[in-house]
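Okay, structure first, notes after.
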Amino acid sequence: MKAVITSLSFLFIGSSFGGARISKAEYVGQWKETAIQQMILHKIPASITLAQGILESASGNSTLAIQGKNHFGIKCHGWTGDKIYLDDDKKDECFRVYASAADSYSDHSAFLKKYERYAFLFSYDNTDYKSWAKGLKKAGYATNPKYPDLLIGIIEDLNLSQYDKAENPESYFSPKLLAASKADYNTHKVHMHETNVPFIIAQKGDTYYKVSKEFRLTLSQLYKYNNFCASKDVLEVGDVVYIRPIKMTRLLHKKEVVASSQMSLEEFSQVHAVRKKVLMRLNKMNATDTIFKGDVIVLGRGLF
């Protein structure tokens, strides 16, 4: 898909569709849960995510946000999905297009974690939004020299820092996040593992957010139920995703399996519904060890 917008005002000033504009407060109300979820998963302050969303998308009113579901002004940079072309620093620059704004939030986190120039930001505390704001400019996220001040101003005007300090961030989740309408659902066949734990197989376009909404889970629950590596930012087609906790009863039964292919410890533990730490303890392995085809792996020690 290629769409060309030739007026800079369409990108940043507002919607060309004549609808009611969303206020900053309304934007925060709509997206604070998602920003908090991203903070839980990726350690990016929710206040920074919300402030960037407000600034980059004109509180969701820009054409880029409306047509491209892109709330963070992220350009293509090797993007293989749909694209939209808008005038920014240069004419007809390429921006990413998402299936949903929620996907834009997920990709914003993945984008910051992917590039080495942003790595130093993650040494800052979640509550240190000022260092994050200044660091984003230093790393080259934006060219505007006032970018840090703009972010800090939004955060302080709207008291967004409260979401960085929540002792229990999930207390901010709203019912609508956990019980989406049927129109928002993916269609997944639920499989049952031999250990009686239900799981689904990730499809093209799946995200953690979509799966969590479909099965009325929070993102923290979804991560807790699975053995996802901390650096795993996106779901890939064919990924096994458990939607209920992995059971520990396997430990009661002595069982060994022969690995049929080479895979990481995370991948192996996910396929066999065993906690990664349990596999490490039973097999005297380290977190970075690789399992090779033909390796005999103990899944349960047998307590009886």
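Bear in mind that the values in this text are calculations on the coordinates, not laboratory data. These numbers come from a predicted model, not from an experiment. Methodologically, a virtual Cβ is constructed for each residue, glycine included, from the backbone with ideal geometry; neighbour enumeration extends over all protein chains shown.
Within the set 90/130; 32/165; 75/114; 90/204; 43/114, which residue pairs have Cα atoms separated by over 22 Å? Long pairs (Cα-Cα over 22 Å): 90/130; 90/204.
What the phi angles of segment 145-153 give under the Karplus curve with 6.51, -1.76 and 1.60, with θ = phi - 60°, is a coupling list of x, 8, 3, x, 5, 5, 5, 4, x Hz, glycine and proline written as x. In µm²/s, what is D for segment 4-172 at 37 °C and 0.692 mPa s, where D = kT/(6 pi eta Rh) by Stokes-Einstein and Rh is the Kirkwood radius from Cα pairs? Result for D is 205 µm²/s.
Here the dipole of segment 249-300 is about 280 debye; that uses its Cα centre as origin and unit charges on the Cβ of Lys and Arg (positive) and Asp and Glu (negative).
With +1 on each Lys and Arg Cβ and -1 on each Asp and Glu Cβ, how big is the dipole of segment 4-172 about its Cα centre, in debye rounded to the nearest 20? Once rounded to the nearest 20, the dipole reads 360 debye. Each part gets one Cα centre, and for segment 125-148 versus segment 278-294 those centres are 40 Å apart. By the Kirkwood approach, averaging reciprocal distances over each pair of separate Cα atoms, segment 249-300 gets a hydrodynamic radius of 10.8 Å. Taking 0.36 nm per residue of separation and subtracting the current Cα-Cα distance, fully stretching the chain between residue 187 and residue 83 would add 34.9 nm. Under 1.5 on a/c is rounded, so check that first for segment 12-107, then, if it is not, pick prolate when a/b is larger than b/c and oblate when it is not; a ≥ b ≥ c are the square roots of the alpha carbon gyration tensor eigenvalues. Cα axes put segment 12-107 in the oblate bin.
The H on the amide N of residue 299, modeled in the peptide plane, is under 5 Å from the matching H of 255, 256, 257, each at least 5 residues off or on a different chain.
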